[in-house]
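Asker: After the structure tokens below, expect a handful of questions from me.
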Amino acid sequence: MQRSQKISPLEGIRHSLAHLLAAAVIKKFPKAKLGIGPTIENGFYYDFLLPKSLTPDDLKELETTMKSLAKAKLEFSGKKVTPGEAKKIFKDQPFKLDLIKEFVKEKKSLTVYKTYDKKTGEVYFLDLCRGGHVKNTSEINADSFKLNKIAGAYWRGDEKNEQLQRIYGLAFETEKELKDYAEMLAKAETSDHRNLADKLQLFMVDENIGRGLPLWLPNAYTTRKVLEDYMYELERRAGYKHVLTPHLAKEDLYKTSGHLAHYKDDMYAPIEIEGVKYYLKPMNCPHHHSIYKYSKRSYRELPLRIAEFGTVYRYERSGTLTGLIRVRAFTQNDAHIYTDEERLESEIVGVLNLHKKVYEDMGISDYWYRLSLPDFKNKEKFGDVKNKAMWDKGSAVLKKALKETGHKFVEAPGEATFYGPKIDIQIKDIYGKEDSIATVQVDYYSAAKFNLTYIDKENKEKPVIIVHRAILGSFDRFFAFLIEKTSGNLPLWLAPVQVKILAVSDKHADYAEELNRKLINSGIRSEVSPSNETLGKRIREAEMQRIPYIAVVGDEEIKKGTLSLRIRGQGSGGEHTIADFIENIKQETNKFLP
């Protein structure tokens, strides 16, 4: 069998390794039930239903078996089969039978690939598979892959289904690439916001409340409130009017908006109240459209900029939930600008300039722009688009705004939303994975759906144009990104605790409390560390909590009315008067505030 031209050599290696992993698991657990085993960025995984929970020792054993198979020069060969043949082959594999039903329903062809010894004819593994493998395992460097993680995964990502064990593997073409990536991964994991959550007391998840519904602890919420206040003031000065909308609405609202048609699977099930169905809101847009419609609008009122820190709810599958990055309830830094054609481009430029200002203040520079365009060949997503000229116009104005602001960008056909083209601000996380952190969208679609109009200069009624924008995206995801980018060492103005005061002993406690009151009354986020541990231990604990400033007070400081400072990452910061210290912190903090 020849490798598909659409599969890169490395992709073929990773796909083949997924099969070798399954072969190793079947050897160890002959009655294992097989899920799926795709390639992913930097490696592969395979899901299994097994008679026992796997341990790190099991991974080592399975990896050893895989290396042995890789060195055996096994061949890969595939053939098309009928649904009946496939059902016979996988009669003892319920998850494969489930996939076969789906393929038949979607009229997809079925192929089965075998991993076998060409000389002896012995078959080591059979899988329902789309193909794309090495010709034989001699193409795989046995030292360039590694099994690195075990995780739980519900079949089809649905918690109503059985939970399987997912085995992850890393795979590269060379041993050096594997080693370099493993080192990067180990370093990244120390900055992962999920790993820092307990250490820095940021957030928690309680199974009694529900998965994907994080509880923000005081430290994280303090930083979030600073971000909210910062964005509120910036937006207020930029002419935005802030609103607050309900967390749910009647079914008809989301029928009109198109969310029920396009996002129903990602929405929570309806709540029936007095015979009427209500949905938790998946987006704030339709609520803002209702506010726009509250009164008849004139061109003199445009652009009308409506902003909200709006909490939305989406039914993310359990297998996709990730700390604060992917959750089921999150709060967007959301806004909708209602404008006419004449001022559309200038409004988009204004949003891009606001974005640049915010990200400079946050110290974020490693982002880029993606112009996400429609792909009208995708009938499922863009099939109900009636006026393609409007989409072309929206795409053109976004492109023009990007060029005017001097931003480089890449075009991505098919990445537009169902209601319009958009600019996505892209960034890579600590693991090197690309993600969207913010967005700007042009919407000609919703005006007709909601009858959103304005009276122009000639006293004629015209449809308004809507710009959807989220500078921070969601506070949840943005906070997680900040924690990971800084490894928890947030800049002073965003740090939940800016100063930790340490009294050398109990006899200095009153002075420490007096200092604390002065700092708090000056608007500085300060805390006193209890003196029931040694000073050295308390300093280490404050440093581990990433506190920017540690103020130590003892006999000398009381005598002089001063404090001795330790600065995060620098060590000793010398002795300061209280007045000078307060003024220095204010200056350092206020330069980032609007």
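The values are calculated or read from the model by the stated rules, or taken from the named source; none is laboratory data. Everything quoted here is computed from the prediction, not taken from an experiment. Ideal geometry is used to build each Cβ from the backbone, glycine not excepted, and the neighbour counts take in all protein chains shown.
Asker: Return yes when K67 is in the same structural domain as G43 (by TED's automatic domain parsing), farther than 14 Å from L128 by Cβ, among the charged types (D, E, K, R) and in a loop (DSSP other than H, G, I, E, B) and no when it is not.
Answerer: So K67 fails the test.
Asker: Consider the stretch 5-34. How many of its residues are part of a loop (DSSP other than H, G, I, E, B) and surrounded by 20 or more Cβ atoms within 10 Å (Cβ to Cβ)?
Answerer: 0
Asker: Among the listed residues S505, S572, S529, S522, identify the single one that is over 32 Å from the mean Cα position of the chain (by Cα), under 22 Å from Q201 (Cβ atoms), hydroxyl-bearing (S, T, Y) and not assigned by TED's automatic domain parsing to the domain that holds I430.
Answerer: S529
Asker: Condition first: of a type in the set (G, A, S) and assigned to a helix (DSSP H, G or I). Now tell me which residues in the stretch 207-237 satisfy that.
Answerer: Result: A220, single match.
Asker: Mind checking which pairs have a first residue in the stretch 445-457 that is more than 22 Å from T417 (Cβ to Cβ) and a second that is of a type in the set (F, W, Y), Cβ under 9 Å, 6 or more apart or different chains?
Answerer: Sorted first by the residue in the stretch 445-457, then by its partner, the pairs are Y454/Y299; Y454/Y338; I455/Y299; D456/Y299; K457/Y299.
Asker: Still on this structure, I have one more. Pick from L178, L196, L185: which is touching a Ser or Thr at 6+ places or on another chain (Cβ under 6 Å) and closer than 21 Å to G432 by Cα?
Answerer: L178
Asker: Next up: Among the aliphatic types (A, V, I, L, M), assigned to a helix (DSSP H, G or I), closer than 27 Å to K225 by Cα and not assigned by TED's automatic domain parsing to the domain that holds T223: which single residue out of A579, A551 fits that description?
Answerer: That would be A579, the only listed residue that is among the aliphatic types (A, V, I, L, M), assigned to a helix (DSSP H, G or I), closer than 27 Å to K225 by Cα and not assigned by TED's automatic domain parsing to the domain that holds T223.
Asker: Which of the residues that make up the stretch 44-58 are surrounded by fewer than 16 Cβ atoms within 10 Å (Cβ to Cβ) and of a type in the set (D, E)?
Answerer: D57
Asker: Let me ask you something else. What residue, of T562, T534, is over 30 Å from K225 (Cα atoms), in contact with a strand residue (DSSP E or B) (Cβ under 6 Å, 6 or more places away or on another chain) and without any contact (Cβ under 8 Å) to a residue 24 or more places away in the chain?
Answerer: Answer to the selection: T562.
Asker: I want to confirm something. Restricting to the stretch 248-264 and keeping residues that are over 17 Å from A329 (Cα atoms) and among the small types (G, A, S), which single residue is surrounded by the most Cβ atoms within 10 Å (Cβ to Cβ)?
Answerer: S257
Asker: Moving on. Pairs, please: C-beta under 7 Å, at least 6 apart or cross-chain, first residue without any contact (Cβ under 8 Å) to a residue 60 or more places away in the chain and in the stretch 123-138, second part of a loop (DSSP other than H, G, I, E, B) and surrounded by 18 or more Cβ atoms within 10 Å (Cβ to Cβ)?
Answerer: Once the first residue is without any contact (Cβ under 8 Å) to a residue 60 or more places away in the chain and sits in the stretch 123-138, its partners that are part of a loop (DSSP other than H, G, I, E, B) and surrounded by 18 or more Cβ atoms within 10 Å (Cβ to Cβ) give L128/F90.
Asker: Kindly evaluate H289 against the criterion of being outside the structural domain of F475 (by TED's automatic domain parsing) and closer than 30 Å to Y359 by Cα.
Answerer: no
Asker: While we're here: Please state which of the following conditions E274 fails to meet, knowing it meets all the rest: (1) over 29 Å from L490 (Cα atoms); (2) touching a helix residue (DSSP H, G or I) at 6+ places or on another chain (Cβ under 9 Å).
Answerer: For E274, the exception is condition (2).
Asker: Quick one: count up the residues across the stretch 344-371 that are touching a residue at least 60 places away in the same chain (Cβ under 8 Å), under 27 Å from K433 (Cβ atoms) and of a type in the set (G, A, S).
Answerer: Result for the stretch 344-371: 1.
Here is a yes/no grid of residues against (1) assigned by TED's automatic domain parsing to the domain that holds S474; (2) assigned to a helix (DSSP H, G or I); (3) under 20 Å from the mean Cα position of the chain (by Cα):
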position: L324; (1), (2), (3): yes, no, yes
position: Q332; (1), (2), (3): yes, no, yes
position: R343; (1), (2), (3): yes, yes, no
position: S346; (1), (2), (3): yes, yes, no
position: V358; (1), (2), (3): yes, yes, yes
position: S365; (1), (2), (3): yes, no, yes
position: R370; (1), (2), (3): yes, no, yes
position: A389; (1), (2), (3): yes, yes, no
position: G394; (1), (2), (3): yes, yes, no
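Asker: Please identify the pairs in which a residue from the stretch 221-243 that is closer than 14 Å to M362 by Cβ has its Cβ atom under 6 Å from the Cβ atom of a residue that is surrounded by 13 or more Cβ atoms within 10 Å (Cβ to Cβ) and aliphatic (A, V, I, L, M), counting only partners at least 6 apart or on another chain.
Answerer: T223/L494; V226/L494
Asker: Surrounded by fewer than 20 Cβ atoms within 10 Å (Cβ to Cβ) and under 28 Å from the mean Cα position of the chain (by Cα): which single residue out of E61, E41 fits that description?
Answerer: The unique qualifying residue is E41.
Asker: Which one is modelled with the lowest pLDDT, of the residues in the stretch 405-426 that are more than 14 Å from K356 (Cα to Cα) and assigned to a strand (DSSP E or B)?
Answerer: Residue satisfying both the conditions and the ranking: T417.
Asker: Okay, moving on. Of all residues being crowded, with 19+ Cβ neighbours inside 10 Å and among the hydrophobic types (A, V, I, L, M, F, W, C) in the stretch 529-554, which is farthest from R568 (Cα to Cα)? Just the residue, please.
Answerer: Result: V553.
Asker: Additional query: Of the residues G37, G78, which is assigned to a strand (DSSP E or B), in the same structural domain as A182 (by TED's automatic domain parsing) and at negative phi?
Answerer: Answer to the check: G78.
Asker: Also, I was wondering about something else. Here's a check for you: in the stretch 101-118, which residue that is in contact with a helix residue (DSSP H, G or I) (Cβ under 8 Å, 6 or more places away or on another chain) and in a strand (DSSP E or B) is modelled with the lowest pLDDT?
Answerer: The residue in question is L110.
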